[in-house]
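Chemist: Here it is, the structure in full.
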Amino acid sequence: MMSSIITIDNLCLWYGNQQALKNVSLDIAKKSITALIGPSGCGKSTFLKTLNRMNDLIPGVKITGSVQYEKTDIFDSATDVSELRRQIGMVFQKPNPFPMSIYDNVAYGPRTHGVKGKAKLDDIVERSLRDAAIWNEVKDRLKKNALGLSGGQQQRLCIARALAVEPAVLLMDEPTSALDPISTSKIEELALQLKEQYTIVIVTHNMQQAARISDNTAFFLLGELVEYGVTEMLFSQPRDKRTEDYITGRFG
Amino acid sequence: MKGKKKSFETAVHGVFLLLGLITVCCVLLITVYLIISGIPAIREIGLIKFLFGKTWASTAAEPSYGILSFILTSVYGTAGAIVIGVPIGFMTAVYLAKVASPRVKTVMESAVSLLAGIPSVVYGLVGMLILVPAIRKLFHVPDGASLFAAIIVLSIMILPSIIKVSVTALEAVPKEYEDASLALGATPVETYFKVSVPAAKSGIAAAVVLGVGRAIGEAMAVMMVSGNAANMPSLFQSVRFLTTAVASEMSYSGGLQRQALFSIALVLFLFIMLINATLNFFLKRTKER
Ligand SMILES: Nc1ncnc2c1ncn2[C@@H]1O[C@H](COP(=O)(O)OP(=O)(O)OP(=O)(O)O)[C@@H](O)[C@H]1O
Ligand SMILES: [Mg+2]
């Protein structure tokens with residue numbers, strides 16, 4: 001395997017008394033796509049949100065174990081959470097553009113991180129929208145409200161917004177579950193392109209999607225990591241009986 | 001049997017309609033009455049002279065009925081209350097809606113409700129006994145009963161409506177917006193002010209307009225702390241508002257003076273109508289989203 005960018009070791013997470021992640025250990029390879037699969041409620045979103053510490057916002061969450069991002073512990077008290085989230089971006093299941101113009105949506109992150117000057121921002125906005133494969137569709141309406149875009153366009157705008165702060169990792173939580181097949185395949189193509197520059201971790205309920213785009217796949221069940229390996233191997237010769245049941249559809 | 005049931009339904013509907021019409025009739029009645037009784041004096045005095053005349057001397061041998069001083073006092077008083085009350089109310093609302101722990105929030109929100117429930121005469125009394133003497137000492141003015149005292153009292157009185165409406169607007173901001181902002185590496189405070197507040201802006205604007213309405217319509221409390229002399233407004237001088245102008249002379253007025261008081265009430269009424277229209281505009285915009 002290639003060098004890893006995130007190393008998760010013995011991660012456990014509780015919502016109050018309910019344990020949602022149980023001793024999860026895995027390495028996420030740099031500039032690759034890692035797919036997280038598993039039945040509803042098995043902890044995929046929880047795991048994803050742990051990586052950029054979005055779980056901090058939920059009261060009563062307790063975490064043990066370690067997550068190393070580029071060799072530093074993300075739970076260390078010295079870690080700058082905002083900077084961590086800048087480097088580990090996130091795309092949510094439901095497209096959630098801000099109720100502002102398309103331009104302002106993309107410029108929001110860079111502005112927040114102190115980028116000033118119109119030329120510079122124009123540049124970032126165009127590059128991000130191009131990278132998210134939506135530039136041609138919106139270049140004539142950058143000042144229009146983003147809520148006027150279609151669902152698929154909104155999701156790509158959200159990807160552009162995430163890219164605008166130059167993250168190293170992109171976490172995507174079922175980014176295509178609310179989209180039609182055409183928008184879905186656009187985002188899948190996009191993910192494959194983005195892999196050249198970014199590390200992508202994607203949650204999906206769609207087995208074909210995981211098989212099509214990911215390099216490695218992790219199968220979760222009831223908060224446990226059941227199996228983790230190269231996607232082709234996991235789908236063709238699963239080692240665990242539960243994995244086999246799940247991917248062949250005899251499960252959940 | 002069926003016919004009986006149906007006629008009962010019709011009767012109930014009729015009763016509801018009748019009760020609903022009471023409100024509508026009251027509004028219509030007041031509007032028509034104000035217009036009918038407000039117009040004659042304006043006609044006799046002349047609209048320009050009435051609205052822009054600087055002297056109000058209703059009991060002088062040669063009476064003069066200019067209400068510019070009242071209009072300006074009401075406008076300045078309201079503006080002053082907004083300038084002081086809105087930032088405080090707005091910040092409190094952001095704190096309550098986004099930052100405060102549930103316990104602090106419960107306590108503070110019931111305090112705000114209590115503030116809203118205090119009768120205006122009590123505000124006037126406390127203002128008279130504490131605020132007015134304090135202003136006299138603090139600013140070394142001969143009399144603390146002034147426009148300034150009225151502004152302070154009004155800005156406290158409008159706090160509850162500003163806070164409540166703003167909190168509601170801020171709480172209605174979808175959490176997804178805030179999550180998106182935080183996930184981009186914005187801090188919580190940056191998120192409140194750059195995402196939550198802009199997303200709630202029409203609701204917050206409605207809160208401000210509601211505050212304006214409260215302030216401009218208040219009579220009792222301002223009468224008790226503003227000295228009630230018909231001067232052109234000045235911060236540390238005794239002044240008279242549109243509301244207090246009507247209230248203070250009505251009991252002993254007669255003839256043209258009395259009619260002029262109705263005209264003042266009409267002007268006040270038009271101000272309130274304008275404010276209500278603005279409020280409806282903002283509320284509609286909030287709903288549409
Ligand atoms: N905020 C929360 N508070 C309490 N429990 C939670 C919270 N979020 C998730 N859980 C619980 O944690 C477990 C894992 O949830 P999670 O959302 O991570 O599942 P998931 O694999 O993403 O499911 P899905 O495929 O339906 O999105 C579930 O049992 C869920 O009920
Ligand atoms: Mg999920």
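Chemist: Explain nothing, just the number: dipole magnitude of the protein assembly as shown about its Cα centre with +1 on each Lys and Arg Cβ and -1 on each Asp and Glu Cβ, in debye rounded to the nearest 20.
Modeler: 1480
Chemist: How high is the relative contact order of segment A:4-247, in percent, counting Cα pairs under 8 Å that sit 6 or more residues apart?
Modeler: Relative contact order for segment A:4-247 comes out at 28 percent.
Chemist: Right, something else. Segment A:196-252 to segment B:89-135: how many Å between their Cα centroids?
Modeler: For segment A:196-252 versus segment B:89-135, the Cα centre distance is 57 Å.
Chemist: To the nearest 20 debye, what is the magnitude of the charge dipole of segment A:4-247 about its Cα centre, counting +1 on the Cβ of each Lys and Arg and -1 on the Cβ of each Asp and Glu?
Modeler: Rounded to the nearest 20 debye, it is 720 debye.
Chemist: Now for a different question. Report, in debye and to the nearest 20, how large the dipole of segment B:52-288 comes out about its Cα centre when Lys and Arg carry +1 and Asp and Glu carry -1 on their Cβ.
Modeler: It works out to roughly 60 debye.
Chemist: Right, something else. Have a look at A:GLY152, A:ASN206, B:TYR76 and report the one farthest towards the positive end of the charge dipole of the protein assembly as shown, computed about the Cα centre with Cβ charges (Lys/Arg +1, Asp/Glu -1).
Modeler: The one lying farthest along the dipole's positive direction is B:TYR76.
Chemist: How big is the B-A contact in terms of buried accessible area, both chains counted, 1.4 Å probe, rounded to the nearest 100 Å²?
Modeler: Chain pair B/A: roughly 1600 Å² of buried accessible area.
Chemist: While we're looking at this one, here's another question. Could you sort B:CYS25, A:CYS158 by their accessible area in this structure, using a 1.4 Å probe and putting the largest first?
Modeler: Ranked from most to least accessible, the order is B:CYS25, A:CYS158.
Chemist: Also, I was wondering about something else. Residues of A:102-109, mean number of Cβ from any other protein chain within 10 Å of their own Cβ, rounded to a whole number?
Modeler: The per-residue average across the peptide is 2.
Chemist: Report, for the protein assembly as shown, the % of DSSP beta bridges that are antiparallel, rounded to 5.
Modeler: Antiparallel bridges make up about 60 percent of those DSSP assigns within the protein assembly as shown.
Chemist: Sticking with this structure for a sec: Under 10 Å, Cα contacts only: if you run a Gaussian network model on chain A, which one of A:ILE159, A:ILE134, A:ILE58 comes out with the highest mean-square fluctuation?
Modeler: A:ILE58
Chemist: Keeping all protein chains in position, work out how much accessible area B:MET273 exposes to a 1.4 Å probe, and write it in Å² to the nearest 10.
Modeler: Around 100 Å² of this residue is reachable by solvent.
Chemist: A further question on this structure: So what is the accessible area of segment B:52-288 per residue, in Å², with the probe set to 1.4 Å?
Modeler: 46
Chemist: Summing -39500 (n - 2.57) over the DSSP H runs of n ≥ 4 in chain A and dividing by its residue number, what mean residue ellipticity at 222 nm do you reach, to the nearest 500 deg cm²/dmol?
Modeler: It comes out at -10000 deg cm²/dmol, rounded to the nearest 500.
Chemist: Here is a follow-up. Just read off the accessible area of A:VAL91 with the full protein assembly in place, 1.4 Å probe, to the nearest 10 Å².
Modeler: So the heavy atoms of A:VAL91 present about 0 Å² to solvent.
Chemist: With the cut-off at 1.5 for a/c, could you classify chain B from its C-alpha gyration tensor as rounded, prolate or oblate?
Modeler: Oblate, because a/c is 1.5 or more while a/b does not exceed b/c.
Chemist: Filter the chymotrypsin sites (Phe, Trp or Tyr not before Pro) in segment A:175-252 down to the DSSP loop ones having no more than 15 other Cβ atoms within 10 Å, then list what survives.
Modeler: Those satisfying the criteria are A:PHE251.
Chemist: Express in Å², to the nearest 10, the accessible area of A:TRP14 obtained by rolling a 1.4 Å probe over the protein heavy atoms while all chains stay in place.
Modeler: 60
The values are calculated or read from the model by the stated rules, or taken from the named source; none is laboratory data. In this text the structure is predicted, and so the values were computed from the model without any measurement. Glycine gets a Cβ as well: all are built from the backbone with ideal geometry, and neighbour counts include every protein chain shown. These accessible areas exclude ligands, DNA and RNA; they are computed on the full protein's heavy atoms, side chains included. Shrake-Rupley method; radii C 1.70, N 1.55, O 1.52, S 1.80 Å.
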